[in-house]
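Asker: Before I ask anything, let me first share the structure, which is written out below as C-alpha cells.
No lab work stands behind these numbers, since they all come straight from the coordinates. Note that the structure is a prediction, hence the values are computed from the model and not measured. With ideal geometry, Cβ positions are generated from the backbone for all residues, glycine too; neighbour counts draw on all protein chains shown.
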Amino acid sequence: MPEPQRIVVFDLDVTLTRYDTFLPFVIGYLRYQRKRRSLSLWRLASLLKFWRWGDRTWVKTQVLRAFVGGQPRARLEAWADRFVEELMEDAMREQGLEQLRRHQSDGARVILASASFDIYVKRLGARLGIDEVLATRTAWSARDRLVGMDGENCRDDEKLRRIQALDDVPDNGVGVTAYSDSHADLPLLSWAENGVAVCPSKRLFHQVGGLGIEVARW
C-alpha cells in the first residue's frame, strides 16, 4: 500500500516574502492609479494605528473599502498582475523559495494559505507553481466593483479550519508540515506534525518553546 502524500502548508507574508504584502498592494494601487493620490494619508495612518494591537480583520476591511472600494475588478486585476511580478522580483525569501522547490521536487502536496487577499495571492501561487491556494476572499458587487471582504479573514483558527476542510487532509495533522512566521498561525503550527516557525515574531518565538515547533531563520 503506497504511503500517503506528504502535505506542506506555507504561509505567505514574512514566511515566503520579506514583508507583509497587503499594505504595499493597497498603496501601490493608489500610485498605479495616479488620480487617486489625493486620498487622505491621515485616514490611512488613523486606521493603521490599530494594525498591531487592534482587530486586524476590521482594519483590513476598513483599509480595503476606504482606498480601493468601488474600484473595477479589471483595473484591480491588472494591478495585481503587475504587483505579483514586483513581488517575484524583489520580495521573496530565497531560502524560502528553495525550501518550496525542494518540497515540490519531492512530490509533496503544497498548499499556500494566507490572510492576504485572493486577488493577488492566487496569482502569486500560480507563479510559484502552487495549485491549492487559500486566502482571504474579496467581495464584488453585481457591477464587478470591489466592496470589501467576503467571509472570514483567513488567519488564526479560520485558516486551520479551511485547511482541514480540504479533501484528503488528515484531521490529526499527521504527515503535514507547516511554515509560518506569525503567532496567529500557532493553531496551524501546533496541529501539524511538523510545525516550523520561520523568522518568528517575538510573540511567536516565546510561544513555541516546549511545543516541539522548529525555528528556522531564512
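Asker: Please work out how much length the chain gains when fully extended from Asp157 to Gln5, using 0.36 nm per residue of separation minus the C-alpha to C-alpha distance, in nm with one decimal.
Answerer: Net length gain for the segment: 52.3 nm.
Asker: Suppose every Lys and Arg Cβ carries +1 and every Asp and Glu Cβ carries -1, with no other charges. What dipole size does the stretch 75-127 come out with about its Cα centre, to the nearest 20 debye?
Answerer: Charge dipole, the stretch 75-127, about its Cα centre: 240 debye, nearest 20.
Asker: Which of Leu30, Leu100, Leu160 moves most in a GNM of the chain, Cα contacts under 10 Å?
Answerer: Leu30
Asker: Suppose every Lys and Arg Cβ carries +1 and every Asp and Glu Cβ carries -1, with no other charges. What dipole size does the chain come out with about its Cα centre, to the nearest 20 debye?
Answerer: 1460 debye
Asker: Would you mind telling me which residue in Arg31, Arg101, Arg161 has the biggest mean-square fluctuation in a Gaussian network model of the chain, where springs connect alpha carbons within a distance under 10 angstrom?
Answerer: Ranking Arg31, Arg101, Arg161 by mean-square fluctuation puts Arg31 first.
Asker: Once the piece of chain linking His206 and Arg31 is laid out straight, how much longer is it, given 0.36 nm per residue of separation minus the C-alpha distance between them?
Answerer: Gain on extension, His206 to Arg31, equals 59.2 nm.
Asker: Let me ask something else about it. With labels modelled as points extended 7 Å from the Cα through the Cβ direction, what inter-label distance (nm, one decimal) is found for Ala66 paired with Leu166?
Answerer: In this crude label model, Ala66 to Leu166 measures out at 3.4 nm.
Asker: Label-point separation (nm) for Arg127 and Arg102, each offset 7 Å from Cα along Cα-to-Cβ?
Answerer: Here the modelled spin labels are 2.4 nm apart.
Asker: Under 10 Å, Cα contacts only: if you run a Gaussian network model on the chain, which one of Asp90, Asp181, Asp157 comes out with the highest mean-square fluctuation?
Answerer: In the Gaussian network model the winner is Asp90.
Asker: Please report the relative contact order for the chain, taking Cα pairs under 8 Å with a sequence separation of at least 6, and give it as a percent rounded to a whole number.
Answerer: Relative contact order for the chain comes out at 23 percent.
Asker: Using r as the Cβ-Cβ distance of Ala142 and Ala78, and R0 as 22 Å, what FRET efficiency do you calculate, to the nearest 0.05?
Answerer: 0.60
Asker: In whole angstrom, and with the biggest value first, how far do the Cα coordinates of the stretch 7-216 range along each principal axis?
Answerer: 50, 34, 32
Asker: If you don't mind, there's one more thing I want to ask. Among the DSSP beta bridges whose two residues both lie in the stretch 7-216, what percent are antiparallel, rounded to the nearest 5?
Answerer: 25 percent
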